[in-house]
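*Asks:* Pasting a structure below so you can have a look.
The values are calculated or read from the model by the stated rules, or taken from the named source; none is laboratory data. Just so it is clear, the model here is predicted, and its values are computed rather than measured. Neighbour counts run over all protein chains shown; Cβ positions are idealised from the backbone, glycine included. Only protein heavy atoms, including side chains, enter the accessible area calculation; ligands, DNA and RNA are left aside. Shrake-Rupley method; radii C 1.70, N 1.55, O 1.52, S 1.80 Å.
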Amino acid sequence: MSSERSVHRRVLRRETHSSRAGAAITVAVCLILLFAAVGAACVYLVVHPATATAVQAGFSELARFRSALRPGVLVGGVVTALLGLIVILLGVTPGRKARRRLASDRSAIVVDDKVIANALAARAASVAGVAPGQAKVIVGRRRVAVRLVPTSGTSLDTKAVADAVAQNADAYGLTRAPRVHVAENGVVGS
Amino acid sequence: MNSTNRVINRIFLILVGAILLAIGLAAVAVAVLPGWDTMWRQAAPSIQDTIGRARTVSLAFAGLSHVSWLLLAIPVAAAILIAALVVLIARQGRGHVRFVVERLALSTAAAEGALTVDVAIADDVLRRAFARSRLVTSVSVSAYRVKGRPTLKVTVTPRRGIEPARVVPELERALAEWDALLGQRVPVFAHLTSGVRTALARPARTV
């Protein structure tokens with residue numbers, strides 16, 4: 001039986017990274033549609049042999065317009081190659097989710113970045129002395145960005161806000177100094 | 001938490017991506033590089049020839065006099081590939097279980113038997129533990145099999161603006177209560193979420 005610690009480790013890793021299930025399902029569905037179309041076309045040609053001859057003749061005809069087809073082949077090739085590159089990158093990149101771990105002895109804890117952002121926004125608003133809706137926080141992988149909308153006619157102590165947010169963000173591994181941006185136009189105070 | 005085979009997903013994506021990339025680059029090369037163009041022009045007739053020869057090996061059956069085996073082989077291959085892809089899709093997710101403890105052997109003086117603890121009990125106990133909480137709006141509990149062990153998944157939605165670190169001691173207290181009640185420890189995964197569906201989460205979130 002695997003130890004609790006090893007179960008926790010595995011869950012933490014899986015819950016902070018994408019399973020790529022969505023991408024795999026999307027690609028699989030596209031391939032199913034493609035294969036179904038090709039299969040159906042072949043069955044149609046079996047049932048209607050005359051069409052097969054016509055299709056073959058059509059392809060030979062097409063070969064005579066090689067130079068005219070060139071731009072189309074080029075564009076199609078570029079699009080296909082780019083699609084392939086995107087799909088490869090989906091397979092290779094770690095696909096980190098916007099979540100992070102919290103320390104606990106008993107359980108494996110993961111917190112959504114959005115929950116942290118909510119908490120930091122509440123803190124920023126209270127330090128700045130504005131209504132909760134006037135502070136917005138974006139939590140990135142390593143850095144926190146704060147956007148404040150001042151109440152018209154008052155000034156904001158951005159240094160105090162930055163310090164308070166930095167102090168709270170530190171607990172979540174967000175160690176870089178937060179960026180604080182104050183909107184030029186304030187809102188009427190409530 | 002579920003037992004999606006992530007390695008297979010990634011191998012599948014890399015494989016399909018590599019094939020698309022190769023086809024795309026080959027098409028670009030044929031369109032742009034004169035060398036590739038001539039190569040294609042020289043190869044085309046022989047490819048056509050091969051297909052033509054395959055077509056002439058025709059089968060006569062069910063009243064269809066000249067059916068090429070190629071036209072039958074392609075749909076069969078397509079069907080096999082489609083079946084494999086359907087299996088790939090069906091294998092996503094899973095690993096969900098209804099119990100926390102499975103058939104624990106019990107023997108007392110009076111009787112012998114086995115005990116299974118339903119996840120609904122864990123759900124009830126942990127919900128009650130958080131009922132008085134001022135930090136948390138909702139709690140839900142489910143269970144998954146991870147590395148062969150039933151593992152609890154506790155989804156906690158803190159009140160908006162609550163510092164998540166403040167929820168941790170409360171969670172540990174609730175789990176201690178649960179551990180004492182159950183009499184054994186099961187692995188626990190706790191997810192602190194903002195309540196909105198986070199399945200499409202991006203690296204940066206706005207509030």
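*Asks:* Is the C-alpha gyration tensor of the protein assembly as shown telling us rounded, prolate or oblate? Criteria: a/c under 1.5 is rounded; beyond that, a/b larger than b/c is prolate, otherwise oblate.
*Replies:* Note, shape of the protein assembly as shown comes out oblate.
*Asks:* While we're on this one: Using Cα-only point scatterers and the Debye equation, what is log10 of I(q)/I(0) for chain B at each q in 0.12, 0.16 Å⁻¹, rounded to two decimals?
*Replies:* Computed log10 I(q)/I(0) values: -0.85, -1.21.
*Asks:* OK, next. Classify the range B:96-192 from the C-alpha gyration tensor, please: rounded if a/c falls under 1.5, else prolate or oblate depending on whether a/b exceeds b/c.
*Replies:* Prolate, because a/c is 1.5 or more and a/b exceeds b/c.
*Asks:* Let me ask something additional. Taking a probe of 1.4 Å, how large is the accessible area per residue of the range A:99-182, in Å²?
*Replies:* 45 Å²
*Asks:* Follow-up question, since we're still on this one. What's the total accessible area buried between chains A and B, using a 1.4 Å probe, rounded to the nearest 100 Å²?
*Replies:* Rounded to the nearest hundred, the buried surface is 6900 Å².
*Asks:* While we're on this one: Check each of the chymotrypsin sites (Phe, Trp or Tyr not before Pro) in the range A:31-103 and keep only those in coil by DSSP with at most 10 other C-beta atoms within 10 angstrom; list them in order.
*Replies:* Those that pass, being in a loop and sparsely packed, are A:Phe65.
*Asks:* Now for a separate question. Counting only DSSP beta bridges with both residues in chain A, tell me the antiparallel percent, nearest 5.
*Replies:* Expressed as a percentage, antiparallel bridges in chain A total about 65.
*Asks:* Can you tell me which of B:95-104, B:184-193 comes out highest on packing, and rank the rest after it, using the mean Cβ neighbours within 10 Å?
*Replies:* B:184-193, B:95-104
*Asks:* How many Cβ atoms of partner chains, on average, are near each residue of A:92-102 if near means within 10 Å of its Cβ?
*Replies:* 3
*Asks:* Okay, next question. Give me the dipole magnitude in Debye, nearest 20, for the range A:1-151 about the Cα centre, with unit charges on the beta carbon: positive for Lys and Arg, negative for Asp and Glu.
*Replies:* Taking the Cα centre of the range A:1-151 as origin, the dipole is about 880 debye.
*Asks:* Here's something else I'd like to know. Treating cross-link reach as a plain straight distance, find the lysines whose alpha-carbon is under 17 Å from the alpha-carbon of A:Lys136, omitting any fewer than eight places away in the same chain.
*Replies:* A:Lys114, A:Lys159
*Asks:* Let me ask something else. In nanometres, what is the gap between the two model label sites at B:Met39 and A:Asp163, each 7 Å from Cα along Cα-to-Cβ?
*Replies:* Result: 6.7 nm between the two label points.
*Asks:* Using only DSSP helix segments of four residues or longer, with each worth -39500 (n - 2.57), what per-residue ellipticity at 222 nm results for chain B after dividing by its residue count and rounding to 500?
*Replies:* Roughly -17500 deg cm²/dmol at 222 nm, from the helical runs in chain B.
*Asks:* Give me the distance in nm between label points sitting 7 Å out from Cα along the Cα-to-Cβ direction at B:Thr108 and A:Leu62, one decimal.
*Replies:* 7.8 nm
*Asks:* Starting from 0 in steps of 10 Å, tell me what percent of the Cα-Cα pairs of chain A lands in each bin.
*Replies:* 8, 19, 18, 16, 14, 11, 10, 4, 0
*Asks:* OK, next. If you restrict to DSSP beta bridges whose two residues both lie in the protein assembly as shown, what percentage is antiparallel, to the nearest 5?
*Replies:* Among the beta bridges of the protein assembly as shown, antiparallel pairing accounts for roughly 70 percent.
*Asks:* I need to check one value: relative contact order of chain B, counting alpha carbon pairs closer than 8 Å and at least 6 residues apart, in percent.
*Replies:* 16 percent
*Asks:* Take each complete run of DSSP H in chain A, measure how far its Cα atoms stretch along the helix's own axis, and keep only those covering 24 Å or more with mean Kyte-Doolittle hydropathy at least 0.0; list them.
*Replies:* Qualifying helices, which must be both long enough and hydrophobic enough, are A:21-47, A:66-92.
*Asks:* B:Lys153: accessible area at probe 1.4 Å, nearest 10 Å²?
*Replies:* Roll a 1.4 Å probe over it and B:Lys153 shows about 40 Å².
*Asks:* Still on this structure, please answer the following. Based on Cβ point charges of +1 for Lys and Arg and -1 for Asp and Glu, what charge dipole magnitude is obtained for the protein assembly as shown about its Cα centre, in debye rounded to the nearest 20?
*Replies:* The calculation lands at about 660 debye.
*Asks:* With a ≥ b ≥ c the root eigenvalues of the C-alpha gyration tensor of the range A:86-159, is it rounded (a/c under 1.5), prolate (a/b larger than b/c) or oblate?
*Replies:* oblate
*Asks:* Averaged over its residues, how many other protein chain Cβ atoms are within 10 Å of peptide B:108-116's Cβ atoms?
*Replies:* If you average over the peptide's residues, the count of other-chain Cβ atoms is 0.
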